[in-house]
1. How much FRET efficiency would the formula 1/(1 + (r/R0)^6) give for Leu83 and Arg121, where r is the Cβ-Cβ distance and R0 is 30 Å, rounded to 0.05?
2. For Cys119, Cys105, what ranking results if the residue with the fewest other Cβ atoms within 10 Å of its Cβ goes first?
3. Please list, in order along region 43-56, the HN-Hα scalar couplings obtained from phi with the Karplus expression 6.51 cos²θ - 1.76 cosθ + 1.60 (θ = phi - 60°), rounded to whole Hz, x for Gly and Pro.
4. Ranked by Cβ crowding within 10 angstrom, fewest neighbours first, how are Glu114, Glu31, Glu73 ordered?
5. May I ask you to order 81-94, 47-60 by the average number of other C-beta atoms within 10 Å around their residues, highest value first?
6. So how do Leu79, Leu111 line up by other beta-carbon neighbours within 10 Å, fewest first?
Amino acid sequence: MGLLGKAIAKHNLNLPANAVSAAPAVPADIESVIADYHRKIPVFHCIVLRGNHQNVSGKIDCHGAVYVDLPGEKSLVLLPGALDRELFAHRISHNIGSTVLAQFCVNSPSLAIETIGPCLR
């Protein structure tokens, strides 16, 4: 993802311009899930939801998506890049009664980790 993609991701998170670079450390298990997903699907979407929703896994598995609990009562859904991220985020948040905090497309695990960093606070 280029500079424009990073700027869009920062804007979507409603963060100050320097917030992504000052993100806290991401737990190793979350990093490994993102890295493994990237090995299978090089371009993917990330959707951060409010709350922990383990029951969402059964609803997203058939789409090739992966669910991860984040610290601070948040959830991360990794979705193949070929799917419509905005539609998926809308449907999944409506089905589980949650709010989408952030959604963005990435092509590297490091960029995904960097971008979700502020969501870990």
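Just so it is clear, none of the values below were taken in a lab; they were calculated from the coordinates. Please read these numbers as outputs of a predicted model, since none were measured by experiment. Heads up, the Cβs are rebuilt from the backbone with ideal geometry, glycines too, and the neighbour counts pull from every protein chain shown.
1. According to the calculation, E is roughly 0.60.
2. Cys105, Cys119
3. The phi angles translate into 10, 9, 9, 10, 10, 9, 10, 6, x, 9, 10, 4, 5, 6 Hz.
4. Glu73, Glu31, Glu114
5. Listed from highest to lowest mean packing, they are 47-60, 81-94.
6. Leu111, Leu79
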